[in-house]
Amino acid sequence: MKANLKNIALRWTFLIIVFLVVEIYAFQAFKTVFKNNWTLKIYLAFNALIICNLIYRLIVINNNSLDFSDVFYNYLSIPFAIVFTLFGFKLIISSFLFIEDSSRLFIFFYKSFFSATESNSFFVQRRNFISKISILAAALPIPFVLHGIFKGRHNYRVINYELEFDDLPEKFDGYKLTHISDIHSGSLQEINKVEYAVDLINKQNSDLVLFTGDFVNNKANELNKWKRVFSKIESRDGKYSVLGNHDYGDYVSWKYKGEKKKNFLDLLSIQAEMGFKLLLNENIKIGSESQSISLVGVENWGKGGFKKKGDIDKACEGLTKNDFKIVMSHDPSHWDKILKNHNTRFHLTLSGHTHGMQFGIEIPGLIKWSPVKWVYKYWAGLYHEKNQFLNVNRGFGVLGFPGRVGVWPEISVITLKKV
Ligand SMILES: [Fe+2]
């Protein structure tokens with residue numbers, strides 16, 4: 001217990017020191033570059049305003065005993081994001097100045113030991129040039145972050161694929177699937193933008209709409225405001241869904257026994273109300289007795305600490321080797337670790353989960369990069385291995401950071417072709 005407290009105290013001390021060093025460096029850079037008093041005052045006032053706004057909101061939440069997870073997106077996500085962006089800005093400035101100081105320190109010691117020249121150059125005022133460069137470099141990402149928060153999160157993209165199969169039943173040649181994922185309704189804010197996206201889904205005029213999990217962040221009631229909108233999603237042969245790791249209510253501290261179970265049942269009934277048929281380790285045939293494709297829906301299965309309720313063998317009960325199979329599985333690591341190596345051929349697997357980290361650089365044909373690639377081998381887009389396809393949808397909504405930079409919300413449209 002004592003060791004634990006000591007660890008916590010050490011960690012906080014370290015964080016406070018880093019925070020202070022960053023603040024001091026950033027202030028010094030401003031002082032060096034902007035000699036005029038007014039600029040410094042504006043800089044300080046802006047900092048104070050942003051911090052006070054966040055503190056005020058936290059006090060309101062505390063005084064009204066509001067549940068943090070309920071109000072985060074409507075009340076805190078943007079103020080938090082702005083505080084983090086500002087801190088990131090100062091962190092970049094400090095990194096430049098820290099490197100400069102370290103090199104000066106090195107030169108100072110070097111000269112003290114090996115040279116007879118005076119070492120008081122160490123005390124010479126920090127170069128104006130480095131301060132200017134650091135402020136410029138730190139300011140560069142800010143427009144992208146602000147665009148990501150206010151525009152990028154609604155920058156819905158339709159991505160079309162045409163996939164060819166030799167054993168596709170004749171009747172399904174040209175069959176169109178719209179794949180969406182990770183709505184995270186607790187993070188949605190602007191109803192007209194979401195309505196626009198639903199309209200875009202309907203404009204694809206698909207035969208099937210398939211949703212691969214994370215309808216909510218934490219609680220089923222996040223959908224109350226949105227179920228009317230998502231009920232409007234249309235398709236000729238129905239709408240099907242599976243659960244994502246966020247749909248189980250695992251990330252909430254529930255107040256009374258049975259509340260988590262009630263929340264889960266509520267989520268199931270709201271999905272049904274919206275017209276989504278949820279597949280829980282089960283399959284369904286689309287088409288007629290002689291010409292059909294099988295839709296296999298598994299519960300969440302994720303590598304590492306993520307829930308492993310997905311049971312592909314149970315979900316495939318009753319299917320034969322010759323059935324054409326489309327699997328819906330929230331987490332692409334399921335395909336990586338189990339599905340692609342399974343003794344059954346899963347023609348096409350649909351996943352989501354990664355959100356492409358809501359941050360990356362993608363220029364079709366040129367570059368496709370996001371830090372999430374260090375965690376998930378299959379993180380966005382279409383993959384083809386062992387005669388099987390995987391589509392990882394970049395997601396519809398957001399989680400954590402209330403925006404998207406370079407990795408946009410996605411509606412995948414997949415046309416099946418017979419060859
Ligand atoms: Fe998600």
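The values are calculated or read from the model by the stated rules, or taken from the named source; none is laboratory data. For clarity, every value in this text was computed on a predicted model and none was experimentally measured. Virtual Cβ from ideal backbone geometry, glycine too; neighbours counted across all protein chains shown.
Residue by residue, here is whether (1) within 16 Å of the ligand (Cβ to nearest atom); (2) in the same structural domain as Ser181 (by TED's automatic domain parsing); (3) on the phi < 0 side of the Ramachandran plot; (4) surrounded by 15 or more Cβ atoms within 10 Å (Cβ to Cβ) holds:
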| residue | (1), (2), (3), (4) |
| --- | --- |
| Thr320 | no, yes, yes, no |
| Met328 | yes, yes, yes, yes |
| Ser333 | yes, yes, yes, yes |
| Asp336 | no, yes, yes, yes |
| Asn343 | no, yes, yes, no |
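Counting only helices (runs of 4 or more DSSP H) wholly contained in the stretch 123-219, the ones carrying 1 or more residues that are among the acidic types (Asp, Glu) occupy 191-203.
In the set Val407, Val392, only one residue is in contact with a Pro (Cβ under 8 Å, 6 or more places away or on another chain), within 15 Å of the ligand (Cβ to nearest atom) and of a type in the set (A, V, I, L, M, F, W, C); that residue is Val392. All told, Val298 meets the bar of being closer than 28 Å to Gly174 by Cα and either crowded, with 16+ Cβ neighbours inside 10 Å or not aromatic (Phe, Trp, Tyr) (or both).
When restricted to residues that are under 19 Å from Ser69 (Cα atoms), away from the ligand (no atom under 16 Å from the Cβ) and in a helix (DSSP H, G or I), the stretch 254-277 contains 7. Output yes when any residue across the stretch 326-336 is farther than 20 Å from Leu280 by Cα and among the β-branched types (Val, Ile, Thr), and no when none is. No, because not a single residue in the stretch 326-336 is farther than 20 Å from Leu280 by Cα and among the β-branched types (Val, Ile, Thr). Filtering the stretch 361-389 to residues that are under 25 Å from Leu200 (Cβ atoms) and more than 16 Å from the ligand (Cβ to nearest atom) leaves Ile361, Glu362, Ile363, Pro364, Gly365, Lys368, Gly381, Leu382, Tyr383, Phe389.
Here's the yes/no breakdown for (1) in contact (Cβ under 8 Å) with a residue 40 or more places away in the chain; (2) under 13 Å from Ile411 (Cβ atoms); (3) within 13 Å of the ligand (Cβ to nearest atom):
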| site | (1), (2), (3) |
| --- | --- |
| Glu170 | yes, no, no |
| Leu177 | yes, yes, no |
| Ser181 | yes, yes, yes |
| Ile191 | no, no, no |
| Asn205 | no, yes, no |
| Asn217 | yes, no, yes |
| Lys227 | yes, no, no |
| Asp247 | yes, no, yes |
| Val252 | yes, no, no |
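None of Gly397, Gly356 is part of a helix (DSSP H, G or I) and more than 16 Å from Asn300 (Cα to Cα) except Gly356. Scanning the stretch 30-79 for residues being over 22 Å from Ser134 (Cα atoms), without any contact (Cβ under 8 Å) to a residue 40 or more places away in the chain, among the polar types (S, T, N, Q) and in a helix (DSSP H, G or I) gives a total of 3.
Given the structure, is Glu289 surrounded by fewer than 18 Cβ atoms within 10 Å (Cβ to Cβ), without any contact (Cβ under 8 Å) to a residue 24 or more places away in the chain, acidic (Asp, Glu) and away from the ligand (no atom under 16 Å from the Cβ)? So Glu289 fits the description; yes.
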